[in-house]
Protein chains: 2
Amino acid sequence: MKTLRIGLLGLGQIGGGLYKLLRSKKEQYKRELGISLELAKVADIDRKKQRELKIPKSVFTTDAWDVVRDPSLDVIVELIGGTKIARELVKESMKYGKDVVTANKALLAEYGDEIFELAHEMNRWILFEASVGGGIPVIKALREGLVANRIDSILSIINGTSNYILSKMTETGADFEEALKEAQQKGYAESDPTLDIDGSDAAHKLAILARFAFGGRVKFSHIYCEGISKIRSEDILFAKELGYRIKLLAIAKAMHGGIEARVQPTLLPESHILANVNGSFNAILMRGDEVGDVLFYGRGAGSGPTASAVFSNLIDIALREGSRFGDRTMMMRGIRGNLKIKNISSILSRYYLRFYVVDKPGVLARISQVLGKHRISISDVIQKERSEGNVVPLYLLTHDAHENDVRKAIHAIDRLRIIRGKSQLIRIENN
Amino acid sequence: MKTLRIGLLGLGQIGGGLYKLLRSKKEQYKRELGISLELAKVADIDRKKQRELKIPKSVFTTDAWDVVRDPSLDVIVELIGGTKIARELVKESMKYGKDVVTANKALLAEYGDEIFELAHEMNRWILFEASVGGGIPVIKALREGLVANRIDSILSIINGTSNYILSKMTETGADFEEALKEAQQKGYAESDPTLDIDGSDAAHKLAILARFAFGGRVKFSHIYCEGISKIRSEDILFAKELGYRIKLLAIAKAMHGGIEARVQPTLLPESHILANVNGSFNAILMRGDEVGDVLFYGRGAGSGPTASAVFSNLIDIALREGSRFGDRTMMMRGIRGNLKIKNISSILSRYYLRFYVVDKPGVLARISQVLGKHRISISDVIQKERSEGNVVPLYLLTHDAHENDVRKAIHAIDRLRIIRGKSQLIRIENN
């Protein structure tokens, strides 16, 4: 029987979950798969974990370096998180001849290029199914299942916290602050929710998807990132009225002249499959030249889904051990040079715009004139609660326009005397 | 460079598509994946295909037996279809030491047990991603990505023709015959649509999914199968009024005392993710004990999606070639004895019932009485177009009840004097 000797780093929620899964199902996996997964060494800085999880003393250590350098281990599972120590430990593991499984999206987004190159050099596997979409096997799908395809685009909901908040706002009419509070109470948002609501977490995951969808190195800082805290309940209501839903999308598209890669709140037609992904669920929609549209949906976080993904990577390693062919890391949509990510100002999109205006005759004409001057044409307009002299919201949808033009137009409009308060811009995706 | 020498059987829509894909992308695959996929032999009974597809004369043959016995080939791709010659050719291929890739769901559903056992015996791969869900990598997800999970249930829309017809009926209020005609005109239904609309095609695919979800041999004839031709536009309308959509679902559940496996029109709550899968799209929703709900969505048919799936299997074979470990066929959720499929009469479900009754006082009381006697309780009732003495439809939803009781009750109700015409029964799934 094939035995895989595993070193596990980190016994937080996910590491603890994986430890329990491997222990409780060990005999079953032996029987069904013919593979023995031995948790030979487990490290956490917190000594209490050893007793809490009933880990044999000979297996537990507080020194992660001791684990990554242990010559008797085959694979290191990195579940520490963060980009500092984790980065060093992952690299040391490979230098010591070990394959690596990680769920660390920040690490791969920011230092993926260096880590994948080292893996290539050392001829080691690095697998990371749990880093995007939790238990959804989307990385496997992208690298293996869809390998025949040129990937043209990815539209994805890959931050469960943001999706929960926007879903709540849509369902109940709550404003952002209320919905966030509820998400925190229910455990869908952390006490410091910054990385989730400002879009960084989704951008990390998008960096990983884009790398393997388009086959190239990705400079993380080039990914445009906008969060959801600017969304007001009135934006959601107005979008609804015109048949749209607002979702935080992570978008990557292969375009003429480079890749578009951006995280942004987005208006989606209500019949769009992603518009119907609600609560804390994740979904990734990819378009391939052969397969057309394919969508993967499931829970993007939590200890069960994450353990499921990490475990599948361990089996991948056990089963492909000894495969004579190919480069272990880059196999399937490998890294082929740098991807050029286009600046946000150069994209073409439809837009939702909201202005607060002093309600008097000629206001709409004035605004349309400025938009027109910047080559932006209006497809829909709604002005509500009309009462001359008061400040009222004015909602507009545009046809396709250049971001650069739209920003200039908004800048010009914001300086008009009739404008009160900050204007809103949300991009629209129609398909 | 790794070279895979391929023999292709069948140049119909799918085989022709695969031939073109492999030819047009051959150099790209060499460059990106380091694998050379050589279409070394191609067979079709129709000689014209050779010229149409511009296949070199030395590569083309009309004799499939010549291909499967060719010692220079590594893999046979079977795209002939049907269960007679295909069955013999697949077996002969393995006897001659070849791995096999097939899209033939009927073959695997009906003769999978014998074919998988032979593959096991001969230590050959048989891969079949294209047999379920077209280009959606659902078999890979089930066998590899979700390997950590005990699968508890599968709810799936895996016949595009039926889904197109039901979606049309829902959107436009068309009746079954009209919608079928439109599906035929648009190429979503064949001129003889029997296998699609009677549920057999979905049942074939369900047999494959159930085998690998639950790990056992499946007797195809034990899968319960009901098609969509009995669905009337009024059923769809009434379901809509109560917040439901009607979909043809292929369902497999691990239950106490055995597996439930059935294909049936089903009422789904409109907020259910599968209720929003429209047109010719397919979607497979699985529930695993670790991962929770995961859904895979995409085009279930067509030459591009199918070629994409077949191609991914060829890469699987090329990459795992030489893997020292394990049994090639049964790896990942292997076959472990026979699955017991429960008889439909033993299931528990909610039901939608429609009766045509003579409208007079006491009719509803009479029907409820019969249902009550059979331990069936009503959750919703609507009686429309009331006008005493006339025949009117009576719609009922029930709470959970035993199928056996429901059938007996309907049998008894159908013999009441107040009943006119055939009664309707559609099962409901709530989650």
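Descriptive notes on the structure:
- Lysine-lysine proximity count for segment A:146-299, Cα under 25 Å, sequence distance 8 or more or distinct chains: 22
- Neighbouring partner chain Cβ atoms per residue of A:293-302, average, 10 Å criterion: 6
- Amide H contacts under 5 Å for A:K342, placed H, 5+ residues apart: A:I259, A:E260, A:A261
- Sequence-distant lysines (8 or more away, or on other chains) whose Cα lies within less than 17 Å of B:K48: B:K20, B:K57
- Each of the peptides B:187-198, A:86-97, B:18-29 was scored by the mean count of other Cβ atoms within 10 Å over its residues; in descending order, highest first, they stand as A:86-97, B:18-29, B:187-198.
- Calculated FRET value between B:E38 and B:E178, using beta carbons and R₀ = 56 Å, to 0.05: 0.70
- Put simply, the amide H of B:T3, placed in the peptide plane, has neighbours under 5 Å in B:S36, leaving out anything fewer than 5 places away on its chain.
- For the pair B:D46 and B:K95, a Förster radius of 30 Å applied to the C-beta separation gives a FRET efficiency near 0.70, rounded to the nearest 0.05.
- Taking 7 Å steps out from each Cα toward its Cβ at B:S72 and A:H256 produces label points 4.5 nm apart.
- A straight line joining the Cα centroids of segment B:46-67 and segment A:364-431 runs 62 Å.
- Taking amide H positions as modeled 1.01 Å from N, with prolines and chain starts lacking one, the residues under 5 Å from A:I378 and 5 or more places away or on another chain are A:H399.
- Annotation for B:K2 and B:V391: the two label points, set 7 Å from Cα along the Cα-Cβ direction, are 6.6 nm apart.
- Classification of the protein assembly as shown by its C-alpha gyration tensor yields a rounded form. The axis ratio a/c (a ≥ b ≥ c) stays under 1.5.
- J(HN,Hα) series, segment B:245-255, from Karplus relation 6.51 cos²θ - 1.76 cosθ + 1.60, nearest Hz, glycine and proline x: 10, 9, 10, 7, 9, 9, 10, 9, 9, 7, 10
- Segment B:225-233 - phi-based ³J(HN,Hα) in whole Hz, Karplus 6.51/-1.76/1.60, Gly and Pro as x: 9, 10, x, 9, 5, 7, 6, 9, 4
- Pairwise label distance in nanometres, A:S221 with A:K408, each label 7 Å out on the Cα-Cβ vector: 2.8 nm
- Overall Cα dimensions of segment A:2-127, principal axis frame, Å, largest first: 37, 33, 24
- Largest first and in whole Å, the equivalent-ellipsoid semi-axes of segment A:146-299 read 27, 17, 13, each the square root of five times a Cα gyration tensor eigenvalue.
- Prolate/oblate/rounded label for chain A (Cα gyration tensor, a/c 1.5): prolate
- From least to most packed, judged by other beta carbons within 10 angstrom and beginning with the fewest, B:H399, B:H256 follow the order B:H256, B:H399.
- Integer Hz, Karplus 6.51/-1.76/1.60 couplings in order for segment A:273-286, x for Gly and Pro: 4, 6, 5, 9, 9, 10, x, 8, 6, 10, 7, 10, 10, 10
- Helix-only [θ]222 nm of the protein assembly as shown, DSSP H runs n ≥ 4, -39500 (n - 2.57) each, per residue, nearest 500: -11000 deg cm²/dmol
- Placing a label point 7 Å from the Cα of A:L348 along the Cα-to-Cβ direction, the residues of segment A:250-274 whose backbone N falls under 11 Å of that point are A:256.
No lab work stands behind these numbers, since they all come straight from the coordinates. On a predicted model such as this, the values are computed, not experimentally measured, just so you know. Counting neighbours? That spans all protein chains shown, and the Cβs are built from the backbone with ideal geometry, glycine included.
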